[in-house]
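No value in this document is a laboratory result; all are computed from the given coordinates. Remember, it's a predicted structure, so these values are computed and weren't measured experimentally. Heads up, the Cβs are rebuilt from the backbone with ideal geometry, glycines too, and the neighbour counts pull from every protein chain shown.
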There are 2 protein chains.
Amino acid sequence: MKLTIKKDVLLEGLNKVSKAISTKNLIPVLSGIKFELSKDRLILTASDNDITIQTYILNDQENKMKVEKQGSIIIQGKYVLDIVRKLPDEYINIEVVDELKILIYTANSEFTLNGISEKEYPNINLEKNKKPILLNNKVFKEIVMQTSFAASTDEAKPVLTGINFNIVGNILECNSTDSYRLARKIVNLKEFYEENYNVVIPSKNIVEFSRIMGESDEDIAIHIFNSKILFEYENILFQSRLINGTYPNTSNLMPQESFLNVTVNLDEFYSVIDRASILTSDREKNIVTLETSDQTLILRSSSAEIGRVEEKMNIEKNNSENIKISFSAKYMMEALKSFSNEKVEIKFVGEVKPILLKDPNGDSLTQLVLPIRTY
Amino acid sequence: MKLTIKKDVLLEGLNKVSKAISTKNLIPVLSGIKFELSKDRLILTASDNDITIQTYILNDQENKMKVEKQGSIIIQGKYVLDIVRKLPDEYINIEVVDELKILIYTANSEFTLNGISEKEYPNINLEKNKKPILLNNKVFKEIVMQTSFAASTDEAKPVLTGINFNIVGNILECNSTDSYRLARKIVNLKEFYEENYNVVIPSKNIVEFSRIMGESDEDIAIHIFNSKILFEYENILFQSRLINGTYPNTSNLMPQESFLNVTVNLDEFYSVIDRASILTSDREKNIVTLETSDQTLILRSSSAEIGRVEEKMNIEKNNSENIKISFSAKYMMEALKSFSNEKVEIKFVGEVKPILLKDPNGDSLTQLVLPIRTY
């Protein structure tokens, strides 16, 4: 393998795949990045067995690279990334000599790295479907932002550490829950799909993928299989394992009727909860108590050792009913962050029933927070 | 105690003293901030026994505060800071009721905190000298930036965890060393002082003080005593303990004559060392080897497992001598960061002698890095 390549272009590619470099040293070859150079492109691949990321750089007319000899090699990911990042030159030369020695050089710098034969790299099948699900990049990022925080981080309940993607016809329903709160997002797909899908994608993997994507308005093609899912976006392939097991039926949790709907200014409500939780402790889930009285909402919390707080704000109500209910300030604030309009609607079903949050102008997103009994 | 005070002004004061709030819970009262309200000012004090910070807010004509009842109280530092930061109002009311209950309130928010009697606060004497040492704020910050990094973090050698301030007449000499490198800065004071001082100030405390100071061009008044030092700057008093023990005589370390002086571009030399150290490990002090050959400087490092690197750059030399010497890339880079001119002069005394760094245009700063034997 021998090539000259524009530093910025190579660095961008390395940055994309580097998120999949294994930091555990169980399989040494997985701490490397696979370089595959053919006449028309350089393919970069990294994998930690949980996720695989692949990208390519085209040998097109833009003078990004010059291929002198085709070939493949595995280079230690951490070092090649650091070297390319710190080289000041516009172009970098990479050459394999003596089979497994990699030279990375410019006018004044020369690195010689020990490489690994590509034969030792696991065979990773980045399989595609004939008819993948198409989803707009921005819509996908919004789904991830609005649901991933509600997934569990407790590996004892593996299925709850994922986001449930449920596709029926042209409807995609995404759910995530850690059994204390639930985030649900419903999206209309542009096309109708014959096959139904119901899969659970590890939340941390989908968050990782949403971070390496650009800001373009292009579609993501999603290829779903029994035990893996492949996202295809621009020149990136991102594959994740799926979580085994049946996702709980969250529709039971979703209350049908509320006895009181309260509409609040989103930022003000967030700040009021933020202040009311100053004296609460993480250990006790930052419990605050909400009470309505006419057009006023009162938030209280107290701690015998530290003191107590009372916050008031004006609200709009749909009837004269009132409520007194306690919940985790932390969970409520995380749920509120997923909304972006000026107002948010809070639906109360009962003192021991879930609290529902909705955008008054849209029905696609529902956040649900369970109350906490304080007596 | 009862007052109304502008939020921003109070927050600024609380932020300044908060750096001294004790986070260890050995003496509960030290996790609080002392509020002392008189007709003409509010004094805020915090102390962790190692450092004490005091500031005041004047009750002047600028409508910053309204004093309704004088008095003193200790308020939990962490909570009062969070409350004041998060209140959206322009003015905040603070009132002590039932002796030890503190009300902090605005139109829609009311916090009730448990306070501590000021009688329980330790008596801290912020003593001043008749003729303090005067030092320009910017010069002081420069001293701290150029010397603090070289102090030891090893508490087993307490005297080396400090910066040595040595004042004779109108000369201030500052030294810091962890016995692997040395930073020396010499400053001409504006005045001549009859009394000589030779003290060791804890490096982390002096760094903390330099962080809370503003950017003004005003002088700092330094009051030195046997076991403590008080810095006075604008409306801030910052007191630190001094470290007991005699600071080593660092003049012995400072070589008198070099056999070779090399002048390099500062940024380029820094980058070359940075790249040469990519393959080195922290555990082994990131050893790199420097070699000169005519007007070329070559930096090398290698690791049997990972590979090797060779970097070249052009230099100016004062004679035809050459050197080959190894040192810690980390220590050299930290020393280089303390210079700000385009060029830096490197003086070589011998292969097993300290390497000296100087600004070619100034003599006030010297950085010394010990070589490491690699054979």
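Key figures
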| read-out | value |
| --- | --- |
| Which of B:V97, B:L279, B:L26, positive extreme of dipole for the protein assembly as shown (C-beta unit charges) | B:L26 |
| Low-density loop positions, chymotrypsin sites (Phe, Trp or Tyr not before Pro), region A:232-268 - DSSP coil, at most 16 other Cβ in 10 Å | A:F259 |
| Filtered GluC sites (Glu not before Pro), region A:180-228: DSSP coil and at most 11 other beta carbons within 10 Å | A:E215 |
| Normalised alpha carbon radius of gyration of region B:60-165 [divisor 2.2 N^0.38 Å] | 1.62 |
| Overall dimensions of chain B by Cα: Rg and Dmax, Å | 25.5, 83 |
| Between 0 and 90°, nearest 10: helix A:137-147 axis offset from chain A longest Cα axis | 50 degrees |
| Per-residue average of Cβ from other chains inside 10 Å of A:302-309 | 5 |
| Net charge over other residues, Cβ less than 11 angstrom from the Cβ of A:D363 (K, R count +1; D, E count -1) | +1 |
| Helix-only [θ]222 nm of chain A, DSSP H runs n ≥ 4, -39500 (n - 2.57) each, per residue, nearest 500 | -5000 deg cm²/dmol |
| Helix axis angle, A:7-18 relative to chain A longest principal axis, alpha carbon, degrees | 50 degrees |
| Other protein chain Cβ atoms within 10 Å, averaged over every residue that makes up A:273-284 | 3 |
| Other protein chain Cβ atoms within 10 Å, averaged over every residue that makes up A:73-84 | 2 |
| Set A:K39/A:K101; A:K131/A:K343; A:K157/A:K185; A:K34/B:K324 screened for pairs whose C-alpha atoms are more than 29 Å apart | A:K131/A:K343; A:K34/B:K324 |
| Sorted by Cβ neighbour density within 10 Å, fewest at the top, the residues B:L237, A:L134, B:L368 | A:L134, B:L237, B:L368 |
| Dipole axis of chain A (+1 Lys, Arg; -1 Asp, Glu on Cβ), positive-most option in A:F209, A:N166, A:A156 | A:A156 |
| P(r) of region B:217-362 over all Cα-Cα pairs, binned every 10 Å from zero, in whole percent | 10, 31, 26, 18, 13, 2 |
| Relative contact order %, chain B, counting alpha carbon pairs below 8 Å whose residues are six or more apart | 12 percent |
| Overall form of the protein assembly as shown per C-alpha gyration tensor (a/c, 1.5; a/b vs b/c) | oblate |
| DSSP loop trypsin sites (Lys or Arg not before Pro) with at most 10 other Cβ within 10 Å excluded, longest remaining stretch of chain A | A:131-372 |
| Positive minus negative residues near B:R275 (Lys, Arg vs Asp, Glu; Cβ under 9 Å) | -2 |
| Total formal charge among the other residues, if their Cβ is under 12 angstrom from that of B:N235, Lys/Arg +1 and Asp/Glu -1 | -3 |
